[in-house]
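The values are calculated or read from the model by the stated rules, or taken from the named source; none is laboratory data. This is a predicted model, so every value here is computed, not measured. No Cβ is skipped: glycine too gets one built from the backbone with ideal geometry, and neighbour counts run over all protein chains shown.
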Amino acid sequence: MLLFVSVSSKAKIKGLEKIDRLFNTYANSSFGMIDPEGIEALCSDLGVDYTDVRILMLAWKLKAEKQGYFTQDEWQTGLKALGVDSLSKLKKALSDLEKEVEKPSNYEDFYTYAFRYCLTEEKQKSVDIESICELLNLVLGVQFRPQIDSLIEYLKVQNDYKVINSDQWINFLRFCKEISFPDLENYDAIQAWPLILDNYVEWMREKHS
Amino acid sequence: MGCENIEFDQGWGEMEKGIEKLKRILAGEKETPFTSREYMTLYTTIYNMCNQKAPHDYSEQLYDKYKETLDEYITSIILPSLKDKHDEFMLRELVERWLNHKIMFIIQRSVPALNEVGTTCFLNLVYEDVHPTIKDIVLSLIDKEREGEQIDRALLKNALDIFVEMGGGQMNRYQDDFEAPFLQETSNYFSRKASKWIEEASCPDYLLKSEECLKKEVDKVSNYLHSSTETKLIEKVQHELLVVYVNQLLEKEDSGIKVLFRDDKVDDLSRTYRVYNKISQGLDLVANVFKQHVTIEGTAFVQQAEEAASNQASNTPGGHEQVLVKNILELHDNYMTYLNSCFQNHNLFHKALKEAFEVFCNKNVYGSPSAEILASFADHILRKGGSEKLSDEVIEETLEKMALSTVVKLLQYVIDKDVFAEFYRKKLARRLLFDRGTNDDQERSILSKLKQQFGAPLTSKMEGMVTDVVLAKENQSSYQEYLRNNPDVHPGLDFTVTVLTTGFWPSYKSFDLSLPPEMVKCVEVFKGFYGTKTKHRKLTWIYSLGTSHINGKFEPKPIELIVSTHQAAVLLLFNASERLSYSEIVAQLNLAHDDLIRLLHSLSCAKYKILNKEPSSRSISQSDSFKFNPNFTDKMRRIKVPLPPVDERKKVIEDVDKDRPYAIDAAIVRIMKSRKVMTHQQLISETIEQLSRMFKVCLEISNIKSIKKRIEDLITRDYMERDRDNSHMFRYLA
């Protein structure tokens, strides 16, 4: 009995060791966590761009709290969940990760996470328009290209809002999913849509009239 | 009898004999009546003939032969007899012939098919031919009756029964051949009558006539018309008499509704209600005229007030406002009484009254919004409230109470209630701070009435103000005690401070006034005292609200001057300098030009010339100079030098507009807090409902947008959140 336990725990420890070693490759020793520089290095080793959406997905999988940083705990839990312990395995896992995120059960969670990830200051509730536009492009651009392009155009020209809150954010996704585009036939401003989308639709309708 | 078959000719021979006999009877010739035996024989013969076995069943031949006989009888006897008669006689003849004809059926009872033959023959040969004529005769008789003549009602009834019976179970002959033309004729008749009466008769008389006509027409139904005609008949008559001319009738110059009200004709008004109540949507018509009438009366009062204001003839400032409010209240009470006594408290009339009042209770009078007028009205009463009462205290108080409940009553028709609240608040502030002996009870009583009717948001700040003043008195005692315990810090002046809680009171500009040194000391001492009581409060001094008592050592005699603190600051400058120019005063006091001009005017160009101005023109200019006037005097030893208040109207309206988003916020939070979870739709409609108690807001896009904006803000501030699964539901976050 004991023999088996020790073997498996040895295996576990061995696994953890590899993960930790990988962690230490990128971690900033004085902080004890991977900082933006480290992430950049990781990205280049993985062969993806720093701004690639897959890195955001990785952060989501790791449940990373702070943008640009991975703690050791997050790293360990995340890589274990991915079932990887080496760089090459991680590279392969990234494409699987994309499919995992796209599953309807995960997508909304990932989408919400993406916003939260941008809240870098303590007590920050909203994200500035510039960053939102980039994030929208990154996260929804592929699936909803025409809507996102149009929405981003509007966000940049309007000046009612300088920041976007999480409620507005979550409704952008709902908008893309539910509202027919580009006719916007089934959009009704009397319903619970946030005001910014009411304004966007008005702007669109004026543009096309 | 035996089972022998009866041959046709034999059987028919029997029948013919019977028919001939009957004809003779009907013709009135001498003839013995049928015996039972004779009847029996006839029945049996026919019965057998129809029920014999083939080839001896003769029903068809019998049918044909019988029809032939009938046709012959009708054509040769009945029709001629009808054709040579007219009018009533024709009618009579027809009825008689038909009744006789029905007797013939007795013979046929055993064979149902033959029964129908009788009716069909009569229908085709007689009825089809004569019914238009008959109808005309009937209609002319009916019209005769309408004109007051007596007619044979039984005859009419019988005649109309024929129409019914000719339908053979259906009402179509009666309806098509009689009823439709009858209704048309009725419409025409009453249309002619109505157009005549509307010119000649007064409104009450017309109504009486109409009531009578309707009664008589209903009578016709029970006497000779078929019951199914009743509803249609009544509808036609009501339409021609009462609906077509309703406006002309009720708006009659000399006798219409407005006169009925003027002369308190309760019976006539009740009749109007009663008569129109019976007409579908009739009351709508009356309520409409009523609404217009009330609107005109109310608007006339507003016009009067407008004219009085522009003439400025009355020297009682706001006198026209008093009169206007009193007039409107009387109007209201008056018509409420009528609603009860004549209109059965029907909610159509309540609604009409409300809509009428809403029209003129929201008109401006000479630039003054109605909300302001109402607030001034209340202010006027409450200002008298504490001062010396006249002889009959009880009556005075009752009148005041009634007057104050007037305000509450009329406020329900004012749309922008928050404008009223703001004006009221400003005037309340002046009463609390400047009036001696304000009647706290009365103030609180009206506030609680307002709260009851219109909700706490309207009055909560004002209640806070009243409390502040009460607390201030307590505070003042503590301050006196503090001075007693620290005699060395005593500033040497009697100094009373009222500490106001910022959120409750209207916002006041605070000037950086340079105080005279005597006053500076007072302020410092009080600050020291206040610091011992609470650490975390900041005091902002509003000198414009202060009052000072200054002793003026004038040559004739010393006089105590009651002035505002700002005025005092100006006057005290002259203790140090004999003569000051305008610019010097500006420099020393640090006041804005508008305010300083007002102050100097009150001290040198108004009723009391305490300062002499050079040049002594009637208005202040920035090049003027001022000197203390040692010769100033008055018969009193103590005078109040008034400072006319600044027109606050524009500011009030600005302030209210600024406050409205917060009112929306507060409403949303209140609703969410109590309901915890709501759908978007519910939240919008409830918010609008609550807000419309305060100001005009309806369910339209711009308001929905405003509310959405506030919701958004509240979400950001974590007061509420959207449900994750139901995007149209919101939850309150504690």
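If you filter segment A:1-29 down to residues that are among the small types (Gly, Ala, Ser) and modelled with pLDDT under 85, you find that the one that is surrounded by the most Cβ atoms within 10 Å (Cβ to Cβ) is A:15. Might you check whether a residue that is under 32 Å from the mean Cα position of the chain (by Cα), more than 27 Å from residue B:503 (Cβ to Cβ) and at pLDDT 85 or above occurs anywhere in segment B:626-634? No; the residues of segment B:626-634 include none that is under 32 Å from the mean Cα position of the chain (by Cα), more than 27 Å from residue B:503 (Cβ to Cβ) and at pLDDT 85 or above. For segment A:109-136, filtering for residues that are farther than 22 Å from residue A:44 by Cα and in a helix (DSSP H, G or I) leaves 13. Only one entry of A:66, A:61 meets the criterion of being under 16 Å from residue A:114 (Cβ atoms), surrounded by 20 or more Cβ atoms within 10 Å (Cβ to Cβ) and among the charged types (D, E, K, R), and that entry is A:61. Just to be sure, is residue A:105 without any contact (Cβ under 8 Å) to a residue 60 or more places away in the chain, away from every other protein chain (no Cβ under 14 Å), of a type in the set (S, T, N, Q) and outside any loop (DSSP other than H, G, I, E, B)? No; evaluated as a whole, the condition is false for this residue.
Testing residue A:122 on (1) in the same structural domain as residue A:140 (by the TED database); (2) in contact (Cβ under 8 Å) with a residue 12 or more places away in the chain, one condition comes back false. Which one is that? That leaves (2) as the condition not met. Residue A:199 meets all of the listed conditions (1) free of Cβ contacts under 8 Å to residues at least 40 places away in the same chain; (2) surrounded by fewer than 19 Cβ atoms within 10 Å (Cβ to Cβ); (3) within 14 Å of chain B (Cβ to nearest Cβ) but one, namely (1). The C-beta contact set for segment B:252-267 (first residue under 13 Å from residue B:294 (Cα atoms) and among the charged types (D, E, K, R), second residue buried (at least 19 other Cβ atoms within 10 Å of the Cβ) and modelled with pLDDT of 90 or more, distance under 6 angstrom, 6+ apart or interchain) comprises B:258/B:293. Selection of segment B:320-360 for residues being of a type in the set (A, V, I, L, M) and under 19 Å from residue B:284 (Cβ atoms) yields B:339, B:348, B:352, B:353, B:356, B:359. No other residue among B:591, B:596 is surrounded by 15 or more Cβ atoms within 10 Å (Cβ to Cβ) and part of a helix (DSSP H, G or I) apart from B:596.
Restricted to segment B:481-505, and to residues there that are more than 17 Å from residue B:538 (Cα to Cα) and surrounded by 13 or more Cβ atoms within 10 Å (Cβ to Cβ), the residue that is nearest to the chain's Cα centre (by Cα) is B:496.
If you go through segment A:90-108 and pick out every residue that is over 23 Å from residue A:46 (Cβ atoms) and exposed (fewer than 12 other Cβ atoms within 10 Å of the Cβ), you end up with 2. Looking at segment B:117-130, is at least one residue in contact with a Gly (Cβ under 7 Å, 6 or more places away or on another chain) and polar (S, T, N, Q)? The answer is yes, given that some residue of segment B:117-130 is in contact with a Gly (Cβ under 7 Å, 6 or more places away or on another chain) and polar (S, T, N, Q).
Just one of (1) away from chain B (no Cβ under 14 Å); (2) surrounded by fewer than 19 Cβ atoms within 10 Å (Cβ to Cβ); (3) polar (S, T, N, Q) fails for residue A:147. It is (2).
Where strands (runs of 3 or more DSSP E) sit wholly within segment B:622-734, those with at least 3 residues that are over 30 Å from residue B:410 (Cα atoms) and away from chain A (no Cβ under 14 Å) occupy B:625-628, B:638-640.
Inclusion of residue A:85 among residues that are in contact (Cβ under 8 Å) with a residue 60 or more places away in the chain, farther than 26 Å from residue B:725 by Cβ and in contact with a Gly (Cβ under 8 Å, 6 or more places away or on another chain) is warranted. From the list B:74, B:78, B:6, B:19, the one residue that fits, being more than 24 Å from residue B:100 (Cβ to Cβ) and in contact with a helix residue (DSSP H, G or I) (Cβ under 9 Å, 6 or more places away or on another chain), is B:6. Checked against (1) crowded, with 16+ Cβ neighbours inside 10 Å; (2) closer than 20 Å to residue B:420 by Cα; (3) of a type in the set (Asp, Glu), residue B:686 passes all but a single condition, namely (2). The listed residues are B:66, B:127, B:43, B:73, and the only one of them that is surrounded by 13 or more Cβ atoms within 10 Å (Cβ to Cβ), of a type in the set (Ser, Thr, Tyr), at pLDDT 75 or above and under 60 Å from the mean Cα position of the chain (by Cα) turns out to be B:127. Give me the residue from segment A:168-196 that is more than 21 Å from residue B:701 (Cα to Cα) and touching a helix residue (DSSP H, G or I) at 6+ places or on another chain (Cβ under 8 Å) and, out of that set, nearest to the other protein chains (Cβ to nearest Cβ). This residue is A:170. Of everything in segment A:110-126 that is in contact with a helix residue (DSSP H, G or I) (Cβ under 8 Å, 6 or more places away or on another chain) and surrounded by fewer than 17 Cβ atoms within 10 Å (Cβ to Cβ), the residue that is farthest from the other protein chains (Cβ to nearest Cβ) is A:116. Of everything in segment A:150-167 that is within 14 Å of chain B (Cβ to nearest Cβ) and among the β-branched types (Val, Ile, Thr), the residue that is farthest from residue A:109 (Cα to Cα) is A:163.
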